[in-house]
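Data block below; observations after.
Just so it is clear, none of the values below were taken in a lab; they were calculated from the coordinates. Since this is a predicted model, take the numbers as computed values, not measurements. All Cβ positions, glycine included, derive from the backbone under ideal geometry; neighbour counts span all protein chains shown.
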Amino acid sequence: MSSESDKDYATFSLDDTDTSSEERLFVDAALAEDKLPSFDGDFAPYFQDLTTATLFCWIHKHNISTSAYEDLVDIIMRPEFNRDAYSKSILISLKKTPSTSRDSKMAYQLSISDIIWNVLNNPSLVKKMYFGPDVDSKIKSEYWHGTLWAESLLFGKEQLMISEGDQYRLRIQKVLDYNDLPGTFKRELGQNRSLSREVWLQDEPFLTITTSQISEKVTEDTLRITKILYKHHAHWHIRDATLSYQHPSEYVSIMQPPSSTMKVYKLFLDIYYDDFRTFRNVYHSLGGVYVQFGNMPAHQRKLLKNHFVLGFVPFGGNFNEFMLPFVSEMKEFEQGKLMKVNGKNSWVIAAGVLRHNANKGCRTCTVSRESLTNLYQDIPATSRYHHTTDIQFKEISDESTTTRQNQLCIQYGLRAKPNILDRLLRERHLQTPQDVYHATARKIGRLLKLTYDYSDRV
């Protein structure tokens, strides 16, 4: 396929008042017979075969420029190009698709390793990314303003060199002994527990101290914590210590880089998945999986060019099966992976934050649907915690009958098996943000419908 060359046009200059402007004149004449295409077959005389015809239609339908098409051809014609490298066959659920559908389809997925390599080797992107420690800010506008960035070994900096003039701070939780407890709990708990070196952890607010205020390090077996003291609606309450989020150091361990002088990049990946309709009048959805880099500031993450497509899940396709290659690569990045960044060996660590059921429709709590509007909910006591959810999943899988498994799923508000993304190092209930837009939009849509219905009656 060729485009018109400059010699196919005649040009002339305008009058002396505007000699810089030029206009192209089209030659209105028939092509010579020897220059006409002479193809045989179903697509004659203009196209040789189906491939040529469909490419022609694609280019003109979507206004593909000649330079963009030539770039595509250059990529495809390279001997290193492997069309099967980013494709795999996945099973299709016949329950979600017409009876005439095939039982498998090809799904195309980009490698997260390739995406990370291209981002880190792009100077215009890397210079805008943040790889430092957690920042204590009153306005929480960036990921590195949060607790997760400060606590996890997978993000920020594992160690800090603090000189005398630096202003680094430590956030700590207060530990109470028997004498510090409110009077009602002294009578309930008794002093004998204090004599056995038991102390009580006070929930937020956290205290902020300087490194100079640290007097000594307490060994693990010195104190014993089984209860947490917290405030709920201006009243003190006590809950079991198991009803608390684990510190990332309890479930995260990483490998050190081969060399202490090697540059380390810790990446905070924001992964989200959403279905969208591919046709106007027929519900035939396609699932898009996208990646953003939380190391970028918020104004950069909003830009469309900084949303990286990981792949598309075909209609009726199995999400878990589609995500297997991604999970496999991410398991390597969680421990650390050697990569060339700007020609130098670097150590790259990456972890993801991932983007309800009917009775307990929340990812972070066990409150029933009927009680969601109750302003007096005891959130700490009704929250979901990763380690307790693991126990519930094990209890479900240990049941021998499907009926009993279904009963436990309803009771706990869980599916029968964990999500494939739970294989990654994360706190599933903290690192799965709520979809605020869709939750709010549905409520607003319902409110508008009720308003219009009421107006029609009046």
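A compact globular protein would have a Cα radius of gyration near 2.2 N^0.38 Å; the ratio found for the stretch 195-344 is 1.57. Protection proxy ranking of 240-247, 329-336, by the mean of other Cβ atoms within 10 Å over each peptide's residues and highest first, is 329-336, 240-247.
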